[in-house]
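Laboratory data are not the source of any read-out in this text; all were calculated from the coordinates shown. Note that the structure is predicted; figures quoted are calculated from it, not measured. We place every Cβ from the backbone using ideal geometry, glycine too, and count neighbours over all the protein chains shown.
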Amino acid sequence: MVEHLGSHASFVDAGSVRPGPTYADWLWLSGYRWNGAIVCGEGDPIPDDTYTPRSLLGRYLHWCFDYICASVPEGIVVSMPRCPESNYD
């Protein structure tokens, strides 16, 4: 199912809309399944009310960013300023 990339259909006026997979669809397309736990391989779709690790959400958001950057119009440059390193010790 293709919906609004990175957003829920209940959001209104959230900016421009790009078609793309929802988080649940991306999990399925990326090979993640439910087999009593989240696994890669055989199983059912992951239930919508399942807590997924933040690392998976991070991978999805990284995919969304790459997808958007790959489709910017000619003449638009996306730059990523480097953040200074921090020492939190």
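Annotations for the structure displayed:
- Within the stretch 50-89, the set of residues being part of a loop (DSSP other than H, G, I, E, B) and among the β-branched types (V, I, T) comprises T50, T52, V72, I76, V77, V78.
- Residues of the stretch 26-49 classified as in a helix (DSSP H, G or I) and surrounded by 13 or more Cβ atoms within 10 Å (Cβ to Cβ), total: 3
- Tally of residues being surrounded by 14 or more Cβ atoms within 10 Å (Cβ to Cβ) and more than 14 Å from L27 (Cβ to Cβ) across the stretch 50-71: 2
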